[in-house]
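Following: one structure in structure tokens, then a few remarks.
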Amino acid sequence: MLSKRTSIISAAFAVTVGIAGCATQSVSFTDATPMSAVSQKVTTISEVTKAVTAAQKITTLPSDLTPSLINSTDKAWAGAPYGPCHQLAGQPADVPLGEFGGCLFGDYQSDKLMVVYGDSHAGMWSSALEEIAIRDHWSLRTFALPYCPPEDLTFVQFGKVNATCAAFHRAALTAIRELHPKLLVITGQTIGEQSAPGVFYTSDQWKEGLVLTINAFKQMGTRAVVIGNIPQWANDDADCLAAHETDVQACMVPREQGIPVNVAGERAAAQATGVAYIDPTPWVCSQMCVPVVGNIRVFLDEYHFTRTYAVYLSGALQQALGLGN
């Protein structure tokens with residue numbers, strides 16, 4: 001699993017380098033810019049968990065599977081911004097505008113600001129939060145740097161400290177404080193991160209790092225919520241499904257095998273700091289963890305939901321956040 005993840009990290013850094021030059025550009029969007037299409041069916045937590053339970057019985061891939069097995073572009077990230085984009089003070093040179101809070105999403109004219117902060121999982125959840133923002137009239141800003149979890153820890157990758165991540169943490173804290181959001185959503189990956197070459201963070205260390213992050217933001221008086229890491233396992237993605245189109249259950253694992261390491265640490269951090277913790281495990285796992293729910297492919301890759309599934313979950317997430325009706 002680590003070798004697969006390393007190749008994904010390498011690709012992510014290559015993309016980051018390729019787009020870093022966009023970080024200081026200014027892009028304007030007019031009031032006529034259309035909002036994203038809000039999902040027609042807004043699912044409740046109960047409906048999602050029932051669908052996940054039913055999905056355990058799926059044996060053959062649906063003919064209308066969405067996205068298809070060959071679709072690798074259904075990335076769960078907020079769409080085109082609907083408000084103006086501008087560089088925020090302290091923005092790291094390697095982080096693009098839309099990933100450092102510089103672009104507004106959702107109902108950009110709203111004075112209710114929601115911020116999501118973390119690594120690529122913050123980007124993943126931003127597409128669901130975008131739907132919520134449109135429905136409940138919030139504006140949304142995304143602070144998301146791939147392979148940079150929100151915990152106030154030093155991350156060693158490829159044998160050296162990820163200096164861009166450290167700079168992102170410092171700059172994001174300052175920028176988000178200046179924005180004074182009404183709601184701050186903190187979320188990130190919890191596995192495979194090292195404090196030194198070959199030394200992986202423990203659950204207790206993960207808790208300590210997240211406590212530091214939450215406490216730093218709590219000084220703003222902003223309501224903070226932690227969305228826990230999503231279930232994931234080696235055979236949750238399209239590769240396994242393509243090899244088992246008539247035996248989808250071969251790509252399922254028992255619930256306990258799908259829960260990533262250090263989830264207990266992030267849950268404990270939320271409890272220690274008195275902030276709400278949203279556990280997405282029931283949105284993927286019943287007795288078994290499933291890669292297909294209804295006709296929706298759940299995972300884009302081993303570590304992230306498809307945009308289609310993230311949007312499908314937007315109603316359940318809205319309910320868990322206590323927003324809207």
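The values are calculated or read from the model by the stated rules, or taken from the named source; none is laboratory data. Note that this is a predicted model, so its numbers are computed, not measured. When we count neighbours, we look across all protein chains shown, and the Cβ atoms used for this are built from the backbone with ideal geometry, even at glycine.
General observations
- Test: ASP136 is among the acidic types (Asp, Glu), at pLDDT 90 or above and farther than 30 Å from ALA243 by Cα: yes
- For ASN215, the criteria (1) within 30 Å of ASP111 (Cβ to Cβ); (2) part of a loop (DSSP other than H, G, I, E, B) hold in every case but one, which is (2).
- Consider segment 70-113 and keep the residues that are β-branched (Val, Ile, Thr) and surrounded by fewer than 16 Cβ atoms within 10 Å (Cβ to Cβ). The one that is nearest to the chain's Cα centre (by Cα) is THR73.
- If only residues of segment 187-202 that are outside any loop (DSSP other than H, G, I, E, B) and modelled with pLDDT under 95 are counted, the one that is nearest to ILE259 (Cα to Cα) is PHE200.
- Residue in segment 259-277 that is hydroxyl-bearing (Ser, Thr, Tyr) and over 22 Å from GLY315 (Cα atoms) present: yes
- Here SER127 meets each of (1) in contact with a Pro (Cβ under 8 Å, 6 or more places away or on another chain); (2) assigned to a helix (DSSP H, G or I) with one exception, condition (1).
- Qualifying positions in segment 124-139 - crowded, with 24+ Cβ neighbours inside 10 Å and over 16 Å from GLN319 (Cβ atoms): MET124, SER126, SER127, GLU130
- The condition of being within 21 Å of TRP283 (Cα to Cα) and in contact with a Cys (Cβ under 6 Å, 6 or more places away or on another chain) holds for only one of PRO231, PRO254, that being PRO231.
- The condition of being closer than 19 Å to ILE227 by Cα and either in contact (Cβ under 8 Å) with a residue 12 or more places away in the chain or touching a strand residue (DSSP E or B) at 6+ places or on another chain (Cβ under 6 Å) (or both) holds for only one of ASP107, ASP94, ASP152, that being ASP152.
- Scanning segment 77-94 for residues that are within 27 Å of ARG170 (Cβ to Cβ), of a type in the set (A, V, I, L, M, F, W, C) and part of a loop (DSSP other than H, G, I, E, B) yields TRP77, ALA78, LEU88, ALA89, ALA93.
- Taking the listed residues ILE227, ILE278, the one that is within 15 Å of the chain's Cα centre (by Cα), over 25 Å from SER68 (Cα atoms), modelled with pLDDT of 95 or more and crowded, with 24+ Cβ neighbours inside 10 Å is ILE227, with no other qualifying.
- Scanning segment 229-277 for residues that are of a type in the set (A, V, I, L, M) and not in a helix (DSSP H, G or I) returns ILE230, ALA234, MET252, VAL253, ILE259, VAL261, VAL275, ALA276.
- Tally, over segment 122-145, of residues that are in contact with a Phe, Trp or Tyr (Cβ under 8 Å, 6 or more places away or on another chain) and over 23 Å from GLU178 (Cβ atoms): 3
- So TYR147, is it assigned to a strand (DSSP E or B), within 14 Å of the chain's Cα centre (by Cα) and hydroxyl-bearing (Ser, Thr, Tyr): no
- Some residue of segment 179-187 being over 20 Å from the mean Cα position of the chain (by Cα) and not small (Gly, Ala, Ser): yes
- Residues of segment 45-70 that turn out to be among the charged types (D, E, K, R), without any contact (Cβ under 8 Å) to a residue 24 or more places away in the chain and either in a loop (DSSP other than H, G, I, E, B) or at positive phi (or both), as a count: 1
- Residue within segment 95-102 that is assigned to a loop (DSSP other than H, G, I, E, B), modelled with pLDDT under 95 and under 18 Å from VAL311 (Cβ atoms) present: no
- Some residue of segment 51-67 being at pLDDT 50 or above, within 23 Å of the chain's Cα centre (by Cα) and small (Gly, Ala, Ser): yes
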